[in-house]
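> Shown below is the structure under consideration.
The values are calculated or read from the model by the stated rules, or taken from the named source; none is laboratory data. A quick note: this is a predicted structure, and the numbers were derived from the prediction, not measured. Glycine also receives a Cβ, built like all others from the backbone with ideal geometry; neighbour counts cover every protein chain displayed. The protein model used for the area step is the full one, side chains on, heavy atoms only, and it has no ligands, DNA or RNA in it. Shrake-Rupley method; radii C 1.70, N 1.55, O 1.52, S 1.80 Å.
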Amino acid sequence: MTQVMDKGRFQKPAATLSLSAGQNLELRCKGNKIEWSHPSDHNRVSIRQHDRYGQLILANATAADTGQYSCWLLQCSGYNCKKDETKTGSTYIFFADKGELFVPSASYFEVVYLNPDKPAVVPCRVTSPSVKVSLHQEFPAEEIQVDGTNIIYDVKKGFIYKHPTSDHKGVVYCRAESWGAPQISIKYQLLYVEVPSGPPSTTIKASSSTAEGGDDISVLCTVLGEPDVEVEFNWIYPGQKYERPVVIQDSWRLIDRGIGHTTRISESLITVEDFETIDGGNYICIAQNLRGQTTVAAYVELI
């Protein structure tokens, strides 16, 4: 990766760069098929592929453009392309703005999940590495001590809880000081996660294991999981091959299971109206998340 300077000069950017908001940026990477990743607004970013290099131009940079800029060469065989790990480049760029000490967020409130199995990040990033940042809890109102072991500050990520516990739950915010008046970040709700990582923990229950002709029957598939892990449901049911009409409703909600433990309940409900002979048999629920899938079944018999 190279940065295009004034008067046609080029230089290899350092691992981190500090620029000012309002500047233009041009980066280049050698190769005939270059891909990029960047945090910037696409309306102000122009990416072009030339014969020998890829080019990224960012116009009128703002504080929101602070972040990692990366490029890599794609090796293609026909329509199949893969990243060449030996030919990559990256730099983290700060765009300093006195009016925006924190990198702007899309919302005024964010949820951070505290999982005992992995670090948690309060992502209050700043627009200049020289900004002094502190972490505070809303109630009781006091500064949280950053000891460099259990809680550390990474200028590219924010405050990192290395070993989250339920004691860390609550509402926090960050305070930044530089160039005069301090600024306050958005608020972050820290929720402790009770359920460990893994494939969906799934249960299934029918409204009744037996049905008479004309009855309405429903089968509920339930998953308890991590608050930020989505679940996808699929059903296999006896009347499927006959294109039997059914109603399937998916939903999810967060619940507090006591002492600050938060769990996501995902549910899928399949309903069969006017039960008949072809509806008797196994109702199979397949629940899947990014870590795997679980299959459960409930048998409903016509009497």
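> Identify, please: which residue in region 180-196 is surrounded by 15 or more Cβ atoms within 10 Å (Cβ to Cβ) and assigned to a loop (DSSP other than H, G, I, E, B) and is, among those, modelled with the lowest pLDDT?
Step by step, filter region 180-196, then rank; the result is 195.
> Suppose the filter is on the phi < 0 side of the Ramachandran plot, part of a strand (DSSP E or B) and aromatic (Phe, Trp, Tyr); does residue 139 pass it?
On the way: on the phi < 0 side of the Ramachandran plot: yes; part of a strand (DSSP E or B): no; aromatic (Phe, Trp, Tyr): yes.
No, not satisfied.
> So, one more: Return yes or no: is residue 233 touching a residue at least 12 places away in the same chain (Cβ under 8 Å), aromatic (Phe, Trp, Tyr) and either open to solvent by 20 Å² or more (accessible area, probe 1.4 Å) or part of a helix (DSSP H, G or I) (or both)? First the steps, then the outcome.
On the way: touching a residue at least 12 places away in the same chain (Cβ under 8 Å): yes; aromatic (Phe, Trp, Tyr): yes; either open to solvent by 20 Å² or more (accessible area, probe 1.4 Å) or part of a helix (DSSP H, G or I) (or both): yes.
So residue 233 passes the test.
> Just give me the residues in region 272-294 being touching a residue at least 60 places away in the same chain (Cβ under 8 Å) and either surrounded by 18 or more Cβ atoms within 10 Å (Cβ to Cβ) or part of a strand (DSSP E or B) (or both), in sequence order.
275, 279, 283, 285, 287, 288, 289, 292, 293, 294
> Among the candidates 219, 247, which residue alone is within 13 Å of residue 271 (Cα to Cα) and without any contact (Cβ under 8 Å) to a residue 40 or more places away in the chain?
Numbers: 219 fails: without any contact (Cβ under 8 Å) to a residue 40 or more places away in the chain.
Exactly one of 219, 247 is within 13 Å of residue 271 (Cα to Cα) and without any contact (Cβ under 8 Å) to a residue 40 or more places away in the chain, namely 247.
> Scan 32, 43 and give me the residue that is part of a loop (DSSP other than H, G, I, E, B) and not aromatic (Phe, Trp, Tyr). Before the answer, list the steps.
Details: 43 fails: part of a loop (DSSP other than H, G, I, E, B).
On inspection, the qualifying residue turns out to be 32.
> All but one of (1) out of contact with any Cys (no Cβ under 9 Å at 6 or more places or on another chain); (2) more than 23 Å from residue 136 (Cβ to Cβ) hold for residue 165, so report the exception by its number.
Status for residue 165: all satisfied but (2).
> Turning to a different aspect of this structure: Quick one: is residue 15 over 30 Å from residue 76 (Cβ atoms), touching a residue at least 60 places away in the same chain (Cβ under 8 Å) and within 29 Å of the chain's Cα centre (by Cα)? Please lay out each step first, then the result.
On the way: over 30 Å from residue 76 (Cβ atoms): no; touching a residue at least 60 places away in the same chain (Cβ under 8 Å): yes; within 29 Å of the chain's Cα centre (by Cα): yes.
No; evaluated as a whole, the condition is false for this residue.
Let's see how each residue does on (1) open to solvent by 70 Å² or more (accessible area, probe 1.4 Å); (2) under 27 Å from residue 69 (Cα atoms); (3) among the β-branched types (Val, Ile, Thr):
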residue: 131; (1), (2), (3): no, yes, yes
residue: 134; (1), (2), (3): no, yes, no
residue: 139; (1), (2), (3): yes, no, no
residue: 151; (1), (2), (3): no, yes, yes
residue: 171; (1), (2), (3): no, no, yes
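> Does region 251-267 contain at least one residue that is aliphatic (A, V, I, L, M), surrounded by fewer than 14 Cβ atoms within 10 Å (Cβ to Cβ) and free of Cβ contacts under 8 Å to residues at least 60 places away in the same chain?
yes
> Please find, within region 59-101, the residue that is farthest from residue 16 (Cα to Cα) out of those that are open to solvent by 20 Å² or more (accessible area, probe 1.4 Å) and of a type in the set (Phe, Trp, Tyr).
That would be 79.
> So, residue 34, is that one aliphatic (A, V, I, L, M) and open to solvent by 60 Å² or more (accessible area, probe 1.4 Å) or not? Working first, answer last.
Values: aliphatic (A, V, I, L, M): yes; open to solvent by 60 Å² or more (accessible area, probe 1.4 Å): no.
No; evaluated as a whole, the condition is false for this residue.
> Identify the residue in region 205-225 that is in a strand (DSSP E or B) and open to solvent by 40 Å² or more (accessible area, probe 1.4 Å) and, among all such residues, is nearest to residue 235 (Cα to Cα).
Step one: of region 205-225, the residues in a strand (DSSP E or B) are 205-206, 210-211, 217-225.
Now narrow it down to the ones that are open to solvent by 40 Å² or more (accessible area, probe 1.4 Å): 205, 210, 220, 224.
On the way: 205: 14, 210: 19, 220: 11, 224: 18 Å.
Among those residues, the one meeting the criterion is 220.
> Scan region 32-58 for residues that are of a type in the set (D, E, K, R) and within 20 Å of residue 20 (Cβ to Cβ) and jot them down. Before the answer, list the steps.
Filtering region 32-58 down to residues of a type in the set (D, E, K, R) leaves 33, 35, 41, 44, 48, 51-52.
If the condition is that a residue be of a type in the set (D, E, K, R) and within 20 Å of residue 20 (Cβ to Cβ), then 41, 44 are the ones that fit.
> So, in region 153-169, how many residues would count as being of a type in the set (Val, Ile, Thr), within 24 Å of residue 68 (Cβ to Cβ) and either part of a loop (DSSP other than H, G, I, E, B) or open to solvent by 50 Å² or more (accessible area, probe 1.4 Å) (or both)?
Keep residues of region 153-169 that are of a type in the set (Val, Ile, Thr), which gives 155, 160, 165.
Adding the requirement that they be within 24 Å of residue 68 (Cβ to Cβ) leaves 155, 160.
With the extra rule that they be either part of a loop (DSSP other than H, G, I, E, B) or open to solvent by 50 Å² or more (accessible area, probe 1.4 Å) (or both), the set shrinks to 155.
Summing the residues that are of a type in the set (Val, Ile, Thr), within 24 Å of residue 68 (Cβ to Cβ) and either part of a loop (DSSP other than H, G, I, E, B) or open to solvent by 50 Å² or more (accessible area, probe 1.4 Å) (or both) in region 153-169 gives 1.
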